[in-house]
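Below is one structure, written out as structure tokens, with a few remarks after it.
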Amino acid sequence: MCLAIPARIEKLLLKDTALINLGGVRKEISLALVDDVEAGDYVIVHAGFALQKLDEAEALRTLALFAELAAVDANGSSS
């Protein structure tokens, strides 16, 4: 299973790269597949590539769901 996750662009680096923040983890990614992004935007990231720009509200909802799943997992619940 593949998982693409929302991440906030912290800083644009070279022409097609950016520094993102994934829950406190900073990572350099490629922007070669997306256009018109800037610092503060949210993108969907998979395997080191931004796949598309994402609305901030949708990104925050998705991140909240991931946090909820992590909390359930941390409490030892299983499906």
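If you scan segment 6-24, which residues turn out to be farther than 16 Å from L54 by Cβ and in contact with a strand residue (DSSP E or B) (Cβ under 9 Å, 6 or more places away or on another chain)? Outline the logic, then answer.
From segment 6-24, those farther than 16 Å from L54 by Cβ are 11-17, 19, 24; that's our starting set.
K11, L12, L13, D16, T17, L19, listed by residue number.
I'm checking my understanding of the structure. Among residues of segment 49-66 that are among the small types (G, A, S) and surrounded by 11 or more Cβ atoms within 10 Å (Cβ to Cβ), which one is modelled with the lowest pLDDT?
Applying the first criterion (among the small types (G, A, S)) to segment 49-66 yields 50, 57, 59, 64.
Pick out the ones that are also surrounded by 11 or more Cβ atoms within 10 Å (Cβ to Cβ) and you get 50, 59.
Details: A50: 96, A59: 89.
In this case the residue turns out to be A59.
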*From (1) without any contact (Cβ under 8 Å) to a residue 12 or more places away in the chain; (2) part of a strand (DSSP E or B), pick out the condition that doesn't hold for A71.*
(2)
*Any idea which of (1) surrounded by 12 or more Cβ atoms within 10 Å (Cβ to Cβ); (2) outside any helix (DSSP H, G or I); (3) over 11 Å from the mean Cα position of the chain (by Cα) is the one A7 doesn't satisfy?*
(3)
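The values are calculated or read from the model by the stated rules, or taken from the named source; none is laboratory data. Keep in mind the model is a prediction, meaning the values are calculated, not measured. In this analysis, Cβ positions are derived from the backbone assuming ideal geometry, glycine residues included, and neighbour counts consider all displayed protein chains.
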